[in-house]
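For reference, the structure is listed below as structure tokens.
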Amino acid sequence: MRANFPAVVCFAALLVNGAVLARDSLENIPLKWTPTSSLAEMGALDISGATLTTKVHFDTLVNTSENPSLIGQNSEKADKVRTVTTPDDVAAFVTLHLKETAHGAGLNIVDSGADVIVSGEIRRFFVTEVNTYGGEVSLLIHVKNAAGTELWTGLVSGDSTRWGRSYKAENYYEALSDMLLRAAYNLLANPGFHEALAKR
């Protein structure tokens, strides 16, 4: 029995080390909406006239990122880069919160019978952690009328920077949410977007 004791100790150590590594990994984490700011803090928005009355539908955006599941990376140590991935649908997440933020700001969001349809691509949705958490989202947005005529196309971006403990899911969640909230604000403040709603 004593002869097997070292093997048992080694096996237990492997289990413990594996558990620690599993807890330390941010692979396949769910997406969570946890912004630390609000649209009101970003500045005034003119939601009036056609911007207020036009019925707007959001199609689910298309994620054109090279690796859609890769949403972040810790590069504090060049020889030990740690990634952040999610099994969730990034495009659905981005579309939902873009739409909900627009609705909260006053846009008339509808599921059917829209005057204009908003669609587009997610070109970047990523947080890079070095000394701080730096988030960046880039969206190519199309606005078309009910007949399918393109009224406006534009690039909309959003970023965020925050401090936090190293390689923590909650900090990635906040950076991702804040950068998307900023992108929503930039869309709602864009003159081209307002003009497109007026053209309907």
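On the stretch given as the stretch 67-95, residues that are of a type outside the set (S, T, N, Q) and under 16 Å from the mean Cα position of the chain (by Cα) total 13.
Is there a residue in the stretch 109-121 that is under 29 Å from TYR167 (Cα atoms), free of Cβ contacts under 8 Å to residues at least 60 places away in the same chain and either buried (at least 17 other Cβ atoms within 10 Å of the Cβ) or among the basic types (Lys, Arg) (or both)? Taking every residue of the stretch 109-121 in turn, none turns out to be under 29 Å from TYR167 (Cα atoms), free of Cβ contacts under 8 Å to residues at least 60 places away in the same chain and either buried (at least 17 other Cβ atoms within 10 Å of the Cβ) or among the basic types (Lys, Arg) (or both).
Taking each residue of the stretch 176-200 that is outside any helix (DSSP H, G or I) and looking for partners that are aromatic (Phe, Trp, Tyr) and at pLDDT below 95 with beta-carbon atoms closer than 9 Å, six or more apart or interchain, yields nothing. Taking the stretch 158-172 as the range and being assigned to a helix (DSSP H, G or I) and among the hydroxyl-bearing types (Ser, Thr, Tyr) as the test, only TYR172 passes.
Mind checking whether some residue in the stretch 168-185 is surrounded by 19 or more Cβ atoms within 10 Å (Cβ to Cβ) and over 14 Å from the mean Cα position of the chain (by Cα)? No, the stretch 168-185 contains no residue that is surrounded by 19 or more Cβ atoms within 10 Å (Cβ to Cβ) and over 14 Å from the mean Cα position of the chain (by Cα). Restricting attention to the stretch 67-85, and to residues there that are in contact with a strand residue (DSSP E or B) (Cβ under 7 Å, 6 or more places away or on another chain) and hydrophobic (A, V, I, L, M, F, W, C), which single residue is surrounded by the fewest Cβ atoms within 10 Å (Cβ to Cβ)? Step by step, filter the stretch 67-85, then rank; the result is VAL81.
Determine if the stretch 50-66 includes at least one residue that is of a type outside the set (Gly, Ala, Ser), more than 14 Å from the chain's Cα centre (by Cα) and at pLDDT below 95. Checked against the condition, which is being of a type outside the set (Gly, Ala, Ser), more than 14 Å from the chain's Cα centre (by Cα) and at pLDDT below 95, the stretch 50-66 yields at least one hit. If you go through the stretch 123-134 one residue at a time, how many are out of contact with any Gly (no Cβ under 8 Å at 6 or more places or on another chain) and in a strand (DSSP E or B)? Selection size over the stretch 123-134: 4. Among the residues making up the stretch 93-117, those that are farther than 20 Å from SER157 by Cβ and not in a loop (DSSP other than H, G, I, E, B) are HIS103, GLY104, ASN108, ILE109, VAL116, ILE117.
The values are calculated or read from the model by the stated rules, or taken from the named source; none is laboratory data. This is a predicted model, so every value here is computed, not measured. FYI the Cβ positions are ideal-geometry reconstructions off the backbone, even for glycines, and counts take in every protein chain you see.
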